[in-house]
Amino acid sequence: MEKLLVTGGGGFIGSNFIVLAQSGSNTKIINLDKLTYASHPQTLQALSQLPNYQFVRGDIGDRILIKQLLNDYQPDAIINFAAESHVDRSIANPNDFIQTNVVGTANLLEETRFYWQGLNEPQKSAFRFIHISTDEVYGSLGADDPAFLETTPYAPNSPYAASKASADHLVRAYFHTYGLPTITTNCSNNYGPYQFPEKLIPLIISQALNQQPLPIYGDGLNIRDWLYVADHCRAIYTVLEQGKIGETYNIGGNSEKTNIEVVKVICNLLNELVPKSGFDYQSLVTFVKDRPGHDRRYAINCEKIKQELGWQPQETFNSGLRKTVQWYLQHQAWVNAVNTPAHQNWLAQHYGIRP
Ligand code: NAD
Ligand code: DAU
């Protein structure tokens, strides 16, 4: 692949993917991002140092812009990360999620179809549209249920999950109806560098360092299956290079943890790395009102990508989390910069947390 169009590359996973895709390769990357609150200038600043990289500000739903970009840059593949991604915000304001995740993806697919149909035969068969989705489309598991398979029926429960499920169905339909060479990946919860501190792990690190309450929804026993972001990005790259068109691949870390376990591990790392005499970060844990419709458990069976494409995670939960906490400690300038008045407003409105 010589030229990739990455959408949403100013966000958490997209920015990590661009760094990975550029290391040791001459691949040219065009990053199309709308720059919502989830994308920060300091993240883009870090990317702008890369060779063969170009940034374009814009919306995946803007068909005129997409048409022009595809014609001008002639990418060999599109990796679609762009989305509204936070479940709590989808509960507070679902419309943004419908607009970007459903309508935006539909518009991107439609312009991609016209572009792809105009390519010559070798280019057409080499072209890929990789759609980045989530395990949340499969719904919620009981304690003893088997992990999600690629064949598990969709049962999305939040407006976020429903919008991602809609997009996945459109991607599937474009393969079946038009032959557009699409592949969808459904991944579990990611963590690592550059994750916005609205999501559990970076929120807890940032709150703890500021000696603020660590909000845990409900009884803290909801389970997520955690994967270090670089392992997710390696899986996406593997799918781009070797994945079978029309297929979907589950990606996960085989690392199920309750939320309270996750928070305790973070607190223990901080007790070790940033000790405060006579103080245990766990004393900040505060149980708060549950998330409406809170899915109880996610677990991913990722045997297909392991067996068929040879991918497997390189980090364990403990090694990945240690790297993550260290990254946040070493990048306090980034943490301070993303703590904008808008973010403080979100914390105040959603949790009643005031600085
Ligand atoms: P993020 O919220 O950190 O980043 C999303 C990026 O998309 C931001 O840079 C934002 O500016 C951009 N964006 C939003 N709307 C856009 C639009 N209309 N046009 C162009 N750009 C737009 O999200 P993330 O956590 O990096 O997630 C990336 C993708 O991976 C999403 O599709 C998400 O559903 C999926 N995913 C995330 C996780 C996770 O744990 N974070 C797990 C599985 C799948
Ligand atoms: O499973 C993949 C999904 O993981 C992605 O598709 C989403 O984009 C991503 O945001 C993530 O969704 P979750 O809702 O699982 O992630 P979040 O970090 O918001 O929450 C993780 C768990 O922690 C969940 O059970 C809710 C809980 N939680 C979260 C926050 C923000 C709390 O207990 N307190 C909090 O303050």
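The values are calculated or read from the model by the stated rules, or taken from the named source; none is laboratory data. Everything numeric here is computed off the predicted structure, so don't read it as measured data. Here Cβ is always computed from backbone atoms with ideal geometry, including for glycine, and neighbour counts include all displayed protein chains.
Figures for the structure shown
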{"quantity": "Positions within the stretch 51-65 being more than 10 Å from ligand 1 (Cβ to nearest atom) and either closer than 20 Å to SER15 by Cα or touching a Lys or Arg at 6+ places or on another chain (Cβ under 6 Å) (or both), in sequence order", "calculated": "PRO51, ASN52, TYR53, GLN54, PHE55"}
{"quantity": "Odd one out for PHE114 among (1) among the hydrophobic types (A, V, I, L, M, F, W, C); (2) free of Cβ contacts under 8 Å to residues at least 60 places away in the same chain; (3) buried (at least 17 other Cβ atoms within 10 Å of the Cβ); (4) not in a loop (DSSP other than H, G, I, E, B)", "calculated": "(3)"}
{"quantity": "Any hit, the stretch 134-155, residues being without any contact (Cβ under 8 Å) to a residue 60 or more places away in the chain, within 22 Å of THR238 (Cβ to Cβ) and within 14 Å of ligand 1 (Cβ to nearest atom)", "calculated": "yes"}
{"quantity": "Residue that is surrounded by the most Cβ atoms within 10 Å (Cβ to Cβ), among those in the stretch 318-355 that are in a helix (DSSP H, G or I) and of a type in the set (Val, Ile, Thr)", "calculated": "VAL325"}
{"quantity": "Residues (within 15 Å of ligand 2 (Cβ to nearest atom) and in a helix (DSSP H, G or I)) located in the stretch 234-260", "calculated": "ALA235, ILE236, ASN259, ILE260"}
{"quantity": "Any pair with Cβ under 8 angstrom, 6 or more apart, that starts in the stretch 65-88 at a residue that is more than 21 Å from VAL239 (Cβ to Cβ) and ends at one that is outside any loop (DSSP other than H, G, I, E, B) and among the small types (Gly, Ala, Ser)", "calculated": "GLU84/SER90; GLU84/SER163; VAL87/ALA161"}
{"quantity": "Residue within the stretch 300-323 that is of a type in the set (S, T, N, Q), within 26 Å of GLY10 (Cβ to Cβ) and modelled with pLDDT of 95 or more present", "calculated": "yes"}
{"quantity": "Wholly within the stretch 1-90, helices (runs of 4 or more DSSP H) carrying at least 3 residues that are at pLDDT 95 or above and over 25 Å from ASP231 (Cβ atoms)", "calculated": "63-73"}
{"quantity": "Single match in GLN207, GLN212 (criterion: over 18 Å from the mean Cα position of the chain (by Cα) and part of a helix (DSSP H, G or I))", "calculated": "GLN207"}
{"quantity": "Yes/no for ARG128 being among the basic types (Lys, Arg), at pLDDT 95 or above, within 30 Å of LEU203 (Cβ to Cβ) and buried (at least 19 other Cβ atoms within 10 Å of the Cβ)", "calculated": "no"}
{"quantity": "All positions within the stretch 172-187 that are touching a residue at least 60 places away in the same chain (Cβ under 8 Å), more than 16 Å from ligand 2 (Cβ to nearest atom) and of a type in the set (A, V, I, L, M, F, W, C)", "calculated": "PHE175, LEU180, ILE183"}
{"quantity": "Residue match in the stretch 136-154 (condition: within 16 Å of ligand 2 (Cβ to nearest atom), in contact with a Pro (Cβ under 7 Å, 6 or more places away or on another chain) and not in a helix (DSSP H, G or I))", "calculated": "yes"}
{"quantity": "Failed item in (1) out of contact with any Cys (no Cβ under 9 Å at 6 or more places or on another chain); (2) within 29 Å of CYS233 (Cα to Cα); (3) not in a helix (DSSP H, G or I), with PRO292 passing the rest", "calculated": "(2)"}
